[in-house]
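To start, the structure itself, in structure tokens.
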Amino acid sequence: MNVRTEIRDGKGIITICGPLNAEKVDAFREQMHCWMSENESVRIFVLDASEMDYIDSAGLGVLIALLKRTTEHGGDIRIAQLGNKARTVFEITRAFKIFEIFETVEEALGATE
């Protein structure tokens, strides 16, 4: 798994490439905590899932933990471009009730706060 990060219009964009599963969650969590700490002024994050080909319960768990941390600091995490396999996991677990899910990164960036 590879993760790309950028800041656009004061919002963080996190692109996950490859699976977000039990094998990868510790490295992903650490990378996100470091990046978020380095960019403390960023409150809104968009997770671009267009290149995330798989997510399991451990991956979903780390996203929920990041959402909790972000909301405690007055922010939010939005998810964009969720593929069919990942969307199924979100539907089965009802995670779509926890996260705002958008069709595109641009829609997620433009949503009102």
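Just so you know, all these numbers are worked out from the coordinates, no wet-lab data involved. Every value quoted in this text rests on a predicted model; they were computed, and no experiment measured them. Because the Cβ atoms are built from the backbone with ideal geometry, glycine has one as well, and the counts that use them run over all protein chains shown.
Overall shape of the chain was characterised from the C-alpha gyration tensor. The equivalent ellipsoid obtained from it has semi-axes of 19, 16, 13 Å, in decreasing order. Computed over the chain with a Gaussian network model linking Cα atoms closer than 10 Å, the most mobile of Thr15, Thr88, Thr70 is Thr88.
Pairwise alpha-carbon distances in the stretch 70-109 exceed 11 Å for 66% of all pairs. Taking trypsin sites (Lys or Arg not before Pro) across the stretch 61-113, the ones in a DSSP loop with at most 16 further Cβ atoms lying within 10 angstrom of their Cβ are Arg94. Amide H contacts under 5 Å for Val46: Gly12, Ile13, Ile14, Arg78, restricted to partners 5 or more places along the chain or on a different chain, H placed in the peptide plane at 1.01 Å from N. Each of Met1, Cys34, Ile16 was placed along the dipole of the stretch 1-46 (beta-carbon charges, centred on the mean Cα), and the one lying farthest toward the positive end is Ile16. Based on DSSP H segments of at least four residues, each scored -39500 (n - 2.57), the chain has a per-residue ellipticity at 222 nm of -12500 deg cm²/dmol. In a DSSP loop and with at most 15 other Cβ atoms within 10 Å, the GluC sites (Glu not before Pro) in the stretch 36-91 are Glu40, Glu51.
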